[in-house]
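Enquirer: Here it is: the structure, laid out below.
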Amino acid sequence: MGASDGSRVTWGMQLALPVFDGKDAWITPGLSISILALFFTVLSFWWIHVRRGRLRCYTSHAYSGAFSSRPILVLSFAFHNPAPAPIAVLDLRLQLSLPEDRSIGKSAEPSVTLRWIASHSSIYPKNETREYMSAFAVDGRKIVEKFIEFQAESSGSSLNDGPYRATVEALIPSRWSKRNSHRWREVASFAFNSQLAQDDRSRLIPRSNDPDFDRVGE
């Protein structure tokens, strides 16, 4: 046996020795590799098939709105679930609040809550069957489009003092808490320019939330 063969045998024996020093050490390199492979397999399965992510929500500038003493808004949303596990949406609400630097000294309510009342098939609800709110699911790696009608919980604010900070919150079952435990989670936030709605404010008609957009045609 040559010198090179002897060094190979010595290197092989060293590789087979326990990873930790001591007579009772039993974790060998082979066992370590097997454990890491099993951990990687379980983690990969969870990431690809079981993992639950955070719901994402997007909206466009077009909406329908009636600004009376009890405002009504119909907004379009695209709910995106980037993870593999489905997400159940039990309820929605829209929070409109004035910025802190503008709420001081204002006679208007600093915050208005609008609740999900019904769903529609388009931004402009006209000659259609009104579907009252009901829970829906967003399957994994899917997008669900919804046209949601919100109404103010109480009367008194016609939202004349825009722009407001609009926050969309979804009631979603908690991942780790006990059964029937749900939490409100913020899924979107944007500036709501209610001051742009000047024409027929009391009518539920299409409008634009974009200051650079002249007018959405009826």
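The values are calculated or read from the model by the stated rules, or taken from the named source; none is laboratory data. Small disclaimer: the values here were computed from a predicted structure and weren't measured. Using ideal geometry, Cβ is built from the backbone for each residue, glycine included, and neighbour counts are taken over all protein chains shown. Heads up: the accessible areas ignore ligands, DNA and RNA and are worked out on the full protein's heavy atoms, side chains in. Shrake-Rupley method; radii C 1.70, N 1.55, O 1.52, S 1.80 Å.
Enquirer: If the Cβ limit is 7 Å and pairs must be 6+ apart or interchain, which residue in the range 83-110 that is modelled with pLDDT under 85 pairs with which residue that is open to solvent by 20 Å² or more (accessible area, probe 1.4 Å) and small (Gly, Ala, Ser)?
Expert: From residues that are modelled with pLDDT under 85, the pairs are Glu109/Gly156; Pro110/Ser97; Pro110/Ser103.
Enquirer: Evaluate the following for Ile123: is it among the β-branched types (Val, Ile, Thr), closer than 19 Å to Gly53 by Cβ, in contact (Cβ under 8 Å) with a residue 60 or more places away in the chain and out of contact with any Leu (no Cβ under 6 Å at 6 or more places or on another chain)?
Expert: For Ile123, the condition - among the β-branched types (Val, Ile, Thr), closer than 19 Å to Gly53 by Cβ, in contact (Cβ under 8 Å) with a residue 60 or more places away in the chain and out of contact with any Leu (no Cβ under 6 Å at 6 or more places or on another chain) - is not met.
Enquirer: Could we say that Ile172 is open to solvent by 20 Å² or more (accessible area, probe 1.4 Å), assigned to a strand (DSSP E or B) and in contact (Cβ under 8 Å) with a residue 60 or more places away in the chain here?
Expert: Taking the combined requirement at face value, the residue does not satisfy it.
Enquirer: Sticking with this structure for a sec: Only residues in the range 195-206 that are farther than 18 Å from Gln151 by Cβ and in contact (Cβ under 8 Å) with a residue 24 or more places away in the chain count as the first member; pair them with residues that are open to solvent by less than 80 Å² (accessible area, probe 1.4 Å) and not acidic (Asp, Glu), Cβ under 8 angstrom, at least 6 apart or cross-chain, and list the lot.
Expert: Gln195/Gly162; Gln195/Pro163; Leu196/Gly162; Leu196/Arg207; Leu196/Ser208; Leu196/Asn209
Enquirer: Looking at the range 70-79, is at least one residue over 30 Å from Ser154 (Cα atoms) and either under 15 Å from the mean Cα position of the chain (by Cα) or among the hydroxyl-bearing types (Ser, Thr, Tyr) (or both)?
Expert: No, there is no match, as no residue in the range 70-79 is over 30 Å from Ser154 (Cα atoms) and either under 15 Å from the mean Cα position of the chain (by Cα) or among the hydroxyl-bearing types (Ser, Thr, Tyr) (or both).
Enquirer: For the range 152-163, which residues satisfy the criterion of being within 19 Å of Trp116 (Cβ to Cβ) and surrounded by fewer than 17 Cβ atoms within 10 Å (Cβ to Cβ)? Spell out the reasoning first.
Expert: Let us first name the residues in the range 152-163 that are within 19 Å of Trp116 (Cβ to Cβ), namely 152-155, 157, 159.
Passing the criteria: Glu153, Ser154, Ser155.
Enquirer: Kindly indicate which of Ile148, Ile172, Ile117 is among the aliphatic types (A, V, I, L, M) and either at pLDDT below 85 or touching a Ser or Thr at 6+ places or on another chain (Cβ under 7 Å) (or both).
Expert: None of the other options fit; the residue is Ile148.
Enquirer: Out of all the residues in the range 37-55, is one or more in contact with an Asp or Glu (Cβ under 6 Å, 6 or more places away or on another chain), within 30 Å of Ser194 (Cβ to Cβ) and modelled with pLDDT of 95 or more?
Expert: no
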